[in-house]
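The values are calculated or read from the model by the stated rules, or taken from the named source; none is laboratory data. Note that the structure is a prediction, hence the values are computed from the model and not measured. Cβ coordinates were reconstructed from backbone atoms using ideal geometry, including for glycine residues, and neighbour counts include every protein chain displayed. Heavy atoms of the whole protein, side chains included, go into the accessibility calculation; ligands, DNA and RNA do not. Shrake-Rupley method; radii C 1.70, N 1.55, O 1.52, S 1.80 Å.
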Amino acid sequence: METKKEFFLECYKLGIIKFGRFTLKSGIESPFYVDLRPLASDPKILKLLANYLLDMLPLDNFDLICGVPYAALPMATAMSLESYLPLIIKRKEAKEYGTKKILEGIYTPGQNCLLVEDVVTSGTSLLETIPEIENEGIIVSDIVVVLDRQQGGKELLESKGFRVHTLFTISDVCTMLKDEGHLTDDEVGRINDFLAGNVVKFEEEKRLSYEQKLEICDHSVAQKLLEIAIEKKSNLIVSADVTSTQELLTLAEKVGPHIVALKTHMDIILDFDSDATILPLKDLATKYNFLLMEDRKFADIGNTQELQFSYGLYKISNWADLVTAQVIAGYESLDCFRNVGVVAILGMSSKGTLTNTNYREEATKIALSHPNVFGGVSQNKIPNELLLFTPGINVAEAGDGKGQQYNTPEHAFNELETDFIIVGRGIYKSFDAEKSALSYKIAGWNAYEGSL
Ligand code: S5P
């Protein structure tokens, strides 16, 4: 490696500095985060680093070398090996038994020790460490530092009479990374603001609009739902949990103009008949441009689900555009849903649900990786690549006395960044289902626009 810059860029590849939004121990938000410990895991880099550090000052002045624990310990060790300067080790806390020593190794009072530190920020931790070494009769005059975060530490130490030799400053780092296209002007601006002691303004990450989601969701059913949402200015799915064909068709006729999809539990229809129930329902779906979502919540092995999907009374695969499925049986259990879109149940709305954080994370991994899945049902945020469906929406009730827990459309859009709200009893049990559907549609759309 020829230049210091090339050397730094090799170090950077090890992930020693990250840019973004980080909350420091002090609670202050920083636009960058430094951790030089990975350098010790690359022997070639560590050896080069040791030599760069040693080259910064005449070594004849020193009898010993010591790293500030822990990050600088391997650096000091490597410097000792390269320079033959004997190493001493400073404990973090004095030994509680025996010798109560703070320094380990062979040294005699009056010797001059070169101190090694990975990063200097305010300088206060070095100012606490140095007297502990000096108390043992060792002289500290010089400190070598890999990275100066330029937050006053170097100046403070120099004002106390120490010579501070820094290999890189955060400004050097920014210049090198900007030259190489790793940092934008905005990021450099935020870093400069931070170094100047100003409160850094981070851009709030915005939720994606339906138009933006259209660009990243490639499942055809996801695309269709998003197109309908944009065209109808609606994100409402009505849950038609009624028990007769007549009620189902009457409800579909009333709410059809306002919805993107009608969600059914076809197995609760007492007089289900594929001709009398499904054919007119499909006509209404075409007339009003909405999709049919069968909330079957499949939860079995692939072979059984395949049968449940295409056989029996309901022959779901003949008419549903999208279905819900649990992912409890694993990735391959979802292979059978070939000609529909699958919305995976990731988290449930009911009190005491077992869909805890760990379950949701594992379920989300399956949903993200399976090509048949384009969305998830959840009461939590999910990754942008999946469309989020949120049931448990009701503006008038908090629960139903049977474990259901309700939230408002505003909660679903502002807190969860949902894409579609699912409303059942709030609409089909209301006095005027059409009017209620229209008001949930407007509330949902306003909440969506407000969350952009
Ligand atoms: O977690 C869930 C998942 C679903 S799909 N919680 C739910 O309530 N659902 C369904 O959404 C439920 O099966 C019902 O069909 C609808 C909610 O109905 P509501 O009357 O409580 O709005």
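Could we say that residue 450 is more than 10 Å from the ligand (Cβ to nearest atom) and either over 17 Å from residue 235 (Cβ atoms) or in contact with a strand residue (DSSP E or B) (Cβ under 7 Å, 6 or more places away or on another chain) (or both) here?
Considered against the rule, which asks whether it is more than 10 Å from the ligand (Cβ to nearest atom) and either over 17 Å from residue 235 (Cβ atoms) or in contact with a strand residue (DSSP E or B) (Cβ under 7 Å, 6 or more places away or on another chain) (or both), residue 450 comes out as no.
Here's a check for you: in segment 22-40, which residue that is in contact with a helix residue (DSSP H, G or I) (Cβ under 9 Å, 6 or more places away or on another chain) and open to solvent by 90 Å² or more (accessible area, probe 1.4 Å) is farthest from residue 71 (Cα to Cα)?
Selected residue: 28.
Looking at (1) touching a helix residue (DSSP H, G or I) at 6+ places or on another chain (Cβ under 8 Å); (2) closer than 28 Å to residue 5 by Cβ; (3) not hydrophobic (A, V, I, L, M, F, W, C), which is the only condition residue 86 fails?
Only one criterion in (1) touching a helix residue (DSSP H, G or I) at 6+ places or on another chain (Cβ under 8 Å); (2) closer than 28 Å to residue 5 by Cβ; (3) not hydrophobic (A, V, I, L, M, F, W, C) is unmet by residue 86, namely (2).
Just to be sure, is residue 318 open to solvent by 10 Å² or more (accessible area, probe 1.4 Å) and more than 24 Å from residue 209 (Cα to Cα)?
It is true that residue 318 is open to solvent by 10 Å² or more (accessible area, probe 1.4 Å) and more than 24 Å from residue 209 (Cα to Cα).
For segment 209-223, how many residues meet the condition of being surrounded by 14 or more Cβ atoms within 10 Å (Cβ to Cβ) and in contact with an Asp or Glu (Cβ under 8 Å, 6 or more places away or on another chain)?
5
Can you tell me which residue within segment 150-164, out of those that are of a type outside the set (D, E, K, R) and out of contact with any helix residue (DSSP H, G or I) (no Cβ under 8 Å at 6 or more places or on another chain), is most open to solvent (accessible area, probe 1.4 Å)?
159
Is it the case that residue 129 is of a type in the set (Val, Ile, Thr) and open to solvent by 40 Å² or more (accessible area, probe 1.4 Å)?
Considered against the rule, which asks whether it is of a type in the set (Val, Ile, Thr) and open to solvent by 40 Å² or more (accessible area, probe 1.4 Å), residue 129 comes out as no.
Output the residues belonging to segment 224-241 that are buried (at least 21 other Cβ atoms within 10 Å of the Cβ), within 16 Å of the ligand (Cβ to nearest atom) and of a type outside the set (Ser, Thr, Tyr).
225, 235, 236, 237, 238, 240
Name the single residue that is surrounded by the fewest Cβ atoms within 10 Å (Cβ to Cβ) among those in segment 392-435 being farther than 22 Å from residue 252 by Cβ and of a type in the set (Ser, Thr, Tyr).
Looking at residues that are farther than 22 Å from residue 252 by Cβ and of a type in the set (Ser, Thr, Tyr), I get 408.
What's the number of the only condition in (1) part of a helix (DSSP H, G or I); (2) within 15 Å of residue 144 (Cα to Cα) that residue 56 fails to meet?
(1)
Step by step: first the residues of segment 319-328, then only those that are closer than 28 Å to residue 400 by Cβ and not small (Gly, Ala, Ser), then the one that is nearest to the ligand (Cβ to nearest atom). Which residue is that?
Checking each candidate, the answer is 324.
Could you list, in sequence order, all residues of segment 80-104 that are closer than 17 Å to residue 129 by Cα and either touching a strand residue (DSSP E or B) at 6+ places or on another chain (Cβ under 6 Å) or crowded, with 19+ Cβ neighbours inside 10 Å (or both)?
Matches in segment 80-104: 87, 88, 89, 90, 103, 104.
State all residues of segment 361-379 that are buried (at least 19 other Cβ atoms within 10 Å of the Cβ) and not aliphatic (A, V, I, L, M); if no residue qualifies, say none.
If the condition is that a residue be buried (at least 19 other Cβ atoms within 10 Å of the Cβ) and not aliphatic (A, V, I, L, M), then 364, 370, 372, 374, 375, 376, 378, 379 are the ones that fit.
Please list, ordered by first then second residue, the pairs with beta carbon atoms under 7 Å, 6 or more apart or interchain, first in segment 343-356 and in contact (Cβ under 8 Å) with a residue 12 or more places away in the chain and open to solvent by less than 20 Å² (accessible area, probe 1.4 Å), second outside any strand (DSSP E or B) and charged (D, E, K, R).
Listed by first residue and then by second, the contacts come to 346/360; 347/360.
Spot the failing condition for residue 80; the list is (1) over 18 Å from residue 168 (Cα atoms); (2) of a type in the set (Gly, Ala, Ser); (3) in contact (Cβ under 8 Å) with a residue 40 or more places away in the chain, and only one is missed.
(3)
Is it true that residue 93 is of a type in the set (D, E, K, R) and within 30 Å of residue 190 (Cα to Cα)?
no
Does residue 313 count as in a loop (DSSP other than H, G, I, E, B), away from the ligand (no atom under 15 Å from the Cβ) and either within 20 Å of residue 404 (Cα to Cα) or touching a residue at least 40 places away in the same chain (Cβ under 8 Å) (or both)?
It is true that residue 313 is in a loop (DSSP other than H, G, I, E, B), away from the ligand (no atom under 15 Å from the Cβ) and either within 20 Å of residue 404 (Cα to Cα) or touching a residue at least 40 places away in the same chain (Cβ under 8 Å) (or both).
Sort through 44, 13 and tell me the only one that's within 32 Å of the chain's Cα centre (by Cα) and over 19 Å from residue 144 (Cβ atoms).
Result: 13 is the single residue among 44, 13 that is within 32 Å of the chain's Cα centre (by Cα) and over 19 Å from residue 144 (Cβ atoms).
Give me the helices (runs of 4 or more DSSP H) completely within segment 329-444, filtered to those with at least 1 residues that are within 16 Å of the ligand (Cβ to nearest atom) and over 18 Å from residue 263 (Cβ atoms), ordered by residue number.
Here the list reads 357-369, 409-414.
Collect the residues in segment 145-178 that are hydroxyl-bearing (Ser, Thr, Tyr) and within 16 Å of residue 36 (Cα to Cα), keeping them in residue-number order.
Answer for segment 145-178, where residues must be hydroxyl-bearing (Ser, Thr, Tyr) and within 16 Å of residue 36 (Cα to Cα): 166, 169.
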